[in-house]
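I have placed the structure first, in the form of structure tokens, so that the comments after it can refer back to it.
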Amino acid sequence: MKERLYSLDNLKALCIVCVLFGHLLSEMPFSPIGSLMLFWIYAWHVPLFMTIAGRFAKFNWKRAICFLLLFAIFRSWFVGVLGVYLFLIPVLQKTTSRTSQWIITAALCVTGVMFGFVPLPTSFWYLSKFVTFAPFFAFGYFRLYDCIKIKHKTIVGILLTFITLFLMTWFKTTLPFAMSGTYFSVTWLHRLVVYLIGMCW
């Protein structure tokens, strides 16, 4: 019997709380502290959730179809995107070389950066979400985080928090990963930095 990874369960729970808290903050009147917290949350909570989802993903067509049905009923883009990602696993599992896995993840990042400038109608919003978060799903599925060893994680986390919040002045009113649609006036560099920050988190 495999031992359950409670640390990842805790991270998923944290992401869920941050999703709820982020939606709550977005509906509240503007405040500087609230804006900082919202920007910080959006920099990492969905990327982390997608990475964890990729870590445990296994191809199961019944589960994938179930996710797509839930998406059709409740219109939750997250569930729908995960359902589509599950159908990609037979392709991803054929990539066993670490170098190839990094290349695929990097190529997905570049695709996500460029795709944001394709003039799509609003009805294709879910497609943009699928492309935007694919690198994080692959990052988790390939377990590329195992290649990264970080010392003094607390200090690194504090520094990353300050860097993330400092970038808010550059992004102005645009939230990280809220830019997965095609209707935000941001540059390719904004999008690339968003991926880098998300991967760091």
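The values are calculated or read from the model by the stated rules, or taken from the named source; none is laboratory data. Everything quoted here is computed from the prediction, not taken from an experiment. Because the Cβ atoms are built from the backbone with ideal geometry, glycine has one as well, and the counts that use them run over all protein chains shown. The accessibility values were calculated without ligands, DNA or RNA, using every heavy atom of the protein model including side chains. Shrake-Rupley method; radii C 1.70, N 1.55, O 1.52, S 1.80 Å.
Going Cα to Cα from K151, which lysines come in below 26 Å? Please leave out same-chain ones fewer than 8 positions away. In chain and number order, the partners are K12. The accessible area of T187, taken with all protein chains in place and a 1.4 Å probe, comes to roughly 60 Å².
Where the alpha-carbon atoms of the stretch 44-159 are placed on the principal axes, they occupy 45, 31, 26 Å, in descending order.
Apply the a/c threshold of 1.5 to the C-alpha gyration tensor of the chain and tell me whether it is rounded, prolate or oblate. Rounded shape, in that the Cα axes give a/c under 1.5.
Under the combined filter of DSSP loop state and at most 14 neighbouring Cβ atoms within 10 Å, the stretch 137-167 retains these trypsin sites (Lys or Arg not before Pro): R143, K149, K151. With the whole protein complex present, D9 retains an accessible surface near 40 Å², based on a 1.4 Å probe. Largest to smallest in accessible area, the residues F56, F67 fall in the order F56, F67 (1.4 Å probe, all protein chains included).
Accessible area of C200 (1.4 Å probe, protein heavy atoms only, ligands and nucleic acids ignored): about 90 Å². Averaged over its residues, the chain has an accessible area of 61 Å² per residue, based on protein heavy atoms and a 1.4 Å probe.
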